[in-house]
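Read the structure below first, then the notes.
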């Protein structure tokens, strides 16, 4: 009888959660009272987290997550208007905090009770997805406020503490450690770049955090944390490349130092990974990337950051010497790429590293494509001649160096 009673409760929850969510939407249309809608959705999510996930209601937690994302992001513009209006909004942040706490508690519960082997998809995604909807939702009310970045950094530290808590189980901590570490990395990156708006200064901080995560991954024996460190290092390079934080035409010393420091940290991260193999029990590194080829993204991030720093340093000289600043600067960037390719191949030959050689050849191809597909059309005069001549000279040097490459005994994993 007790078993039948439990089944009846589960069946009622499976039917009641979608009904509660649907009624909240219908009642709220077209002008919702957001505190009431939020409490209704929170109640449905609590029920889905508490009783969902079994064989009969395995889909229920996904419904609760979708409802949460729909509330805070799908209605984001309307929530923003409600918060920015004259009405009472003291409910906003407490309600947001309740949603965040509930989802993180569910993730912790799944991580501590789940099997250590193959990752559980929902449990592995919950910390990062929660950060993905919660930070923009918090920015609706706290945009431009310094506490958004401070609280974000504190939250990132809290997620890393949860990762360490799960990691106390040792290898049994499994995928949960990496899930919380990834969420912490994502939140920390958002806090530095958007919350505190540090600009170029965020680049070395992100690179240092990525290196720190890599070291922690070894201590926690967590392949997921190691992957999170790779992603964070990529984020530092992408931020420097596309955000305008490391741009030419403005300050020189600060952006150049930030990008250069990030490049050195990324290089140290890459060298550390090549001397410290992933944990033996990691699901990702035993089934997806057995030879840790993904660490090459650290080298690529280093090159992007170094290129960004050199661009900033070269631009004032180009602007002072040439009348056609745009064309001359394009030619100067091509020269940087050509010389970088040579440096990589020389380093590959000295270290007998097939990986460095492959990256050097990749940079050679990029430099050649830029010289002949872009510079020939957009650059004129001396800068064009210099770009093409330097490419030819560097290609010849690289060909000569590759002829000295040993046919046997390569070390592909330097």
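The values are calculated or read from the model by the stated rules, or taken from the named source; none is laboratory data. Given the structure is predicted, the values throughout are model-derived calculations rather than measurements. As a convention, Cβ positions derive from the backbone with ideal geometry for all residues, glycine included, and neighbour counts pool all protein chains shown.
Suppose we filter 357, 404, 351 for residues that are closer than 25 Å to residue 296 by Cα and touching a strand residue (DSSP E or B) at 6+ places or on another chain (Cβ under 9 Å); which single one remains? Quick ask: steps written out before the conclusion?
Working: 357 fails: touching a strand residue (DSSP E or B) at 6+ places or on another chain (Cβ under 9 Å); 404 fails: touching a strand residue (DSSP E or B) at 6+ places or on another chain (Cβ under 9 Å).
Going through 357, 404, 351 in turn, just one is closer than 25 Å to residue 296 by Cα and touching a strand residue (DSSP E or B) at 6+ places or on another chain (Cβ under 9 Å): 351.
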task: Test residue 74 against the criterion of being over 23 Å from the mean Cα position of the chain (by Cα) and either at pLDDT below 70 or surrounded by fewer than 17 Cβ atoms within 10 Å (Cβ to Cβ) (or both), and give yes or no.
output: no
query: Does residue 190 fit the bill of being within 21 Å of residue 140 (Cα to Cα), in contact (Cβ under 8 Å) with a residue 24 or more places away in the chain and assigned to a helix (DSSP H, G or I)?
result: yes
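Just checking: which of the helices (runs of 4 or more DSSP H) contained wholly in the range 199-309 hold 3 or more residues that are surrounded by 24 or more Cβ atoms within 10 Å (Cβ to Cβ)? Full working, then the answer.
Numbers: elements: 202-220, 223-242, 253-275, 283-287.
Once the helices (runs of 4 or more DSSP H) in the range 199-309 are filtered for at least 3 residues that are surrounded by 24 or more Cβ atoms within 10 Å (Cβ to Cβ), what remains is 202-220, 223-242, 253-275.
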- prompt: What number goes with the only condition from (1) surrounded by fewer than 17 Cβ atoms within 10 Å (Cβ to Cβ); (2) without any contact (Cβ under 8 Å) to a residue 60 or more places away in the chain that residue 316 does not pass?
  reply: (2)
query: Here are some conditions: (1) surrounded by 14 or more Cβ atoms within 10 Å (Cβ to Cβ); (2) at pLDDT 90 or above; (3) within 21 Å of residue 234 (Cα to Cα). Residue 342 meets all but one. Which one does it not meet?
result: (3)
task: Among the residues of the range 22-61, write down those that are surrounded by fewer than 16 Cβ atoms within 10 Å (Cβ to Cβ), at pLDDT below 70, over 22 Å from residue 92 (Cα atoms) and touching a helix residue (DSSP H, G or I) at 6+ places or on another chain (Cβ under 9 Å).
output: 54, 56
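Suppose we filter the range 145-157 for residues that are closer than 21 Å to residue 224 by Cα and surrounded by 16 or more Cβ atoms within 10 Å (Cβ to Cβ); how many remain? If you could, list the steps in order and put the result at the bottom.
Within the range 145-157, the first condition is being closer than 21 Å to residue 224 by Cα, and the residues that meet it are 153, 155-157.
Restricting the remaining residues to those that are surrounded by 16 or more Cβ atoms within 10 Å (Cβ to Cβ) gives 153, 155-156.
So the count comes out to 3.
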- request: Output the qualifying pairs, or none if there are none: Cβ atoms under 7 angstrom, residues six or more apart or on different chains, first residue in the range 114-128 and closer than 20 Å to residue 50 by Cα, second residue surrounded by fewer than 20 Cβ atoms within 10 Å (Cβ to Cβ) and at pLDDT 85 or above.
  value: 122/62
